[in-house]
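*Asks:* To start, I am sharing the structure in question, which I have written as structure tokens.
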Amino acid sequence: MDQIITRFPPSPSGYLHIGGARTALFNWLYARGNSGKFIFRIEDTDFERSTQASVDAIIEALEWLGIDWDEGPYFQSQRLGLYQEYVQKLIDNGHAYYCNCSKERLDIVRKEATSQGKNPKYDGKCRNLGLKKSDDTAVRIAAPLTGVTVVDDLVKGSVVFQNLELDDFIIQRTNRTPTYNFAVVVDDIAMNVNTIIRGDDHLSNTPKQIILYRAFGSPLPKFGHVPMVLGPDKTRLSKRHGAMSVTAYRDMGYLADALINYLVRLGWSHGDQEFFTRKDLIQKFNLENIGKSAGIFNPEKLTALNAEHIKASQSKDIAKKLIPFLKENGVISNEGLYIEKVIETLKPRSKTLKDMSNQALFYYTEDVTYDIEAAKKFLDSSSLTAIDLLTQEIENRECSSEKDVEDAFKSVVDKTGLKLSKIAQPIRVALTGKTASPGIFEIIDILGKEKVICRLKNAISFIKQK
Ligand code: GLU
């Protein structure tokens with residue numbers, strides 16, 4: 001079998017959104033899992049809507065997602081000569097013709113057809129006139145007038161289009177720019193693309209593209225049209241359903257692996273499996289299991305999956321990604337043992353990196369700020385003895401291991417007759433400012449003797465001043 005060649009060809013008129021990222025991902029996974037090739041192409045022939053900022057944003061998003069390409073980015077705007085050559089091929093083989101119908105005439109034809117309840121299509125006036133190229137000519141395909149064009153789709157099955165419904169669509173405008181359907185087909189032929197996975201909003205373009213492949217005498221690629229991603233209210237995903245751009249998820253503290261896992265599940269399944277590593281996906285992704293119904297974007301599910309990916313990640317990998325979030329919170333931290341230990345305690349309890357960085361603050365702060373409710377409930381005279389005793393116990397020990405810390409607590413339990421839980425909560429508030437935190441022994445171990453004593457003493461003064 002020929003090498004599998006897929007592509008991702010965004011139009012650069014905005015950021016990379018969730019739906020586009022899923023399309024890129026499906027093509028990328030299919031290529032990566034089959035020793036194929038993944039091509040990246042920028043479809044920027046719509047000069048008015050295309051911007052460099054969008055190109056940059058799309059590249060940034062793909063790079064963050066870890067979707068790498070083997071060829072490209074190609075820019076259609078730099079390939080106009082090639083499209084011209086291919087236009088000429090179709091003129092030469094009789095599959096295309098020059099048309100000089102004015103916009104006014106086309107409007108009239110369209111209106112007449114509509115008023116008669118007919119399909120408002122081009123009436124083929126110039127098809128047999130043998131016009132020559134001139135300043136006012138566009139180029140049209142001579143499409144089949146009868147019969148059907150069948151899209152044999154990997155996802156939708158066989159979809160039949162009546163050729164009568166299609167028309168001699170323009171392939172090159174009067175200003176010599178190619179139309180979308182034409183440029184796509186020329187590029188896909190020239191780049192030997194043989195597998196096209198894209199949103200089903202493109203299904204109606206496919207018969208036109210098939211007509212072009214046939215006119216060129218080129219073999220058809222495999223097509224798979226994936227149902228669009230919808231919002232929870234079953235309407236097409238849009239801004240009101242939450243963030244749309246991929247990089248917004250990065251900025252909110254989602255891991256690329258989690259987003260990839262979530263995106264792929266919005267249209268593909270592998271039994272009941274929900275959690276996939278990137279490697280897993282590359283191995284398991286296939287075209288057979290792309291779903292026929294629309295994926296519903298559910299931000300809560302994405303967040304839950306993100307938490308699982310955080311849990312499953314190596315702390316040293318998280319460290320690199322967490323540092324910018326800490327910085328946003330005013331914390332300067334380097335990679336190293338300290339941050340890794342901090343992360344180790346927060347991994348099981350963080351939904352996002354942002355959430356983790358908020359939870360990590362107490363490890364870095366000089367002054368613990370107490371939650372008002374927590375302080376009211378736990379930092380009062382009834383906890384003074386326990387805090388005081390623990391301070392002494394810690395002062396008298398090395399406190400170089402969690403076990404040592406545990407012994408310090410045991411000693412306070414013995415001396416006061418209080419339950420460990422009764423002692424732990426005031427200490428937790430004293431050290432972190434909050435009633436919920438990672439395990440108290442590990443916190444003390446990470447903070448270190450000096451900081452812990454300082455915080456405990458501050459809590460004692462706080463209680464005494466109350
Ligand atoms: N440029 C098109 C788009 O962004 C993609 C075309 C295709 O996949 O064939 O929708």
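*Asks:* So how strong a dipole does the stretch 123-249 carry about its Cα centre when Lys and Arg Cβ are +1 and Asp and Glu Cβ are -1, to the nearest 20 debye?
*Replies:* That gives a dipole near 200 debye.
*Asks:* If you don't mind, another one. As I understand it, the value is the acute angle between the Cα axis of helix 80-92 and the longest principal axis of the Cα atoms of the chain; what does it come to in degrees, rounded to 10?
*Replies:* Value to nearest ten degrees: 30.
*Asks:* What are the GluC sites (Glu not before Pro) within the stretch 257-334 that DSSP puts in a loop, where the Cβ has at most 14 other Cβ atoms within 10 Å?
*Replies:* Loop-located and lightly packed - Glu274, Glu288.
*Asks:* What number, rounded to the nearest 500 deg cm²/dmol, is the helix-based mean residue ellipticity at 222 nm of the chain, given -39500 (n - 2.57) per DSSP H run of at least four residues and division by all its residues?
*Replies:* The helix-only estimate for the chain comes to -15000 deg cm²/dmol at 222 nm.
*Asks:* Quick check: the angle from helix 353-364's long axis to the longest principal axis of the chain, C-alpha only, nearest 10 degrees?
*Replies:* Value to nearest ten degrees: 20.
*Asks:* Given H placed on each backbone N at 1.01 Å, which residues far from Thr195 in sequence or on other chains put an amide H within less than 5 Å of it?
*Replies:* Ile5, Lys222
*Asks:* Using Cα pairs under 8 angstrom and six or more residues apart, how large is the relative contact order of the chain, in percent?
*Replies:* 12 percent
*Asks:* Once amide H atoms are built 1.01 Å from N in the peptide plane, which residues 5 or more positions from Trp268, or in another chain, come under 5 Å H to H?
*Replies:* Gly291
*Asks:* Could you check the simple spin-label distance between Ser238 and Ser77, using points 7 Å along Cα→Cβ, in nm with one decimal?
*Replies:* Taking the simple label geometry, Ser238 and Ser77 are separated by 2.8 nm.
*Asks:* Separate question: Which residue, chosen from Pro232, Pro221, Leu456, occupies the Cα position most advanced towards the positive end of the dipole of the chain, where the dipole is computed from +1 (Lys, Arg) and -1 (Asp, Glu) charges on Cβ about the Cα centre?
*Replies:* With unit charges placed on the Cβ atoms, the residue in question is Pro232.
*Asks:* Another question, if that's okay. If you line up the long axis of helix 402-416 against the longest principal axis of the chain, both from Cα atoms, how many degrees apart are they, to the nearest 10?
*Replies:* 50 degrees
*Asks:* Quote the FRET efficiency, to the nearest 0.05, computed for Arg397 versus Thr369 with a Förster distance R0 of 25 Å and r equal to the Cβ-Cβ distance.
*Replies:* It comes to 0.35.
*Asks:* Full extension from Asp388 to Arg127: what is 0.36 nm times the residue separation minus their Cα-Cα distance, to one decimal in nm?
*Replies:* 84.3 nm
*Asks:* Follow-up question, since we're still on this one. Provide the FRET efficiency to the nearest 0.05 for the Leu337-Gln162 pair, computing r from the beta carbons and using R0 = 60 Å.
*Replies:* Computed FRET efficiency for Leu337 and Gln162 comes out at 0.30.
*Asks:* Then there is this: With the contact rule set at Cα under 8 Å and sequence spacing of 6 or more, what percent relative contact order holds for the stretch 343-426?
*Replies:* It comes to 23 percent, rounded to a whole number.
*Asks:* Probe 1.4 Å, all protein chains in place: accessible area of Ser134 in Å², nearest 10?
*Replies:* 50 Å²
*Asks:* Another question about this same structure. Which of the GluC sites (Glu not before Pro) found in the stretch 1-108 are in a DSSP loop and have at most 15 neighbouring Cβ atoms, other than their own, within 10 Å?
*Replies:* Sparse-neighbourhood loop GluC sites (Glu not before Pro): Glu48.
*Asks:* For the cross-link pairs Lys419/Lys449; Lys132/Lys208; Lys341/Lys434; Lys341/Lys466; Lys321/Lys403, which exceed 29 Å when the distance is taken from alpha carbon to alpha carbon?
*Replies:* Checking Cα-Cα distances, Lys341/Lys466; Lys321/Lys403 exceed 29 Å.
*Asks:* Further question on the same structure: Express in nm, to one decimal, how much length is gained between Thr277 and Gln84 on full extension, taking 0.36 nm for each residue of separation and deducting their alpha carbon distance.
*Replies:* 65.0 nm is the gain from fully extending Thr277 to Gln84.
*Asks:* Using a simple spin-label model with points 7 Å from Cα along the Cα→Cβ vector, what separation in nm is obtained for Val55 and Ser13?
*Replies:* Roughly 1.7 nm, to one decimal.
*Asks:* Distance from a point 7 Å along Cα→Cβ of Phe216 to each backbone N in the stretch 1-32: keep the residues under 19 Å and list them by number.
*Replies:* 2-11
*Asks:* At 7 Å along the Cα-to-beta-carbon direction for both Asp92 and Arg105, put a label point, then send me their distance in nm to one decimal.
*Replies:* The answer from the label model is 2.8 nm.
The values are calculated or read from the model by the stated rules, or taken from the named source; none is laboratory data. Owing to the predicted nature of the structure, the values given are computational and were not obtained by experimental measurement. Virtual Cβ from ideal backbone geometry, glycine too; neighbours counted across all protein chains shown. The accessibility values were calculated without ligands, DNA or RNA, using every heavy atom of the protein model including side chains. Shrake-Rupley method; radii C 1.70, N 1.55, O 1.52, S 1.80 Å.
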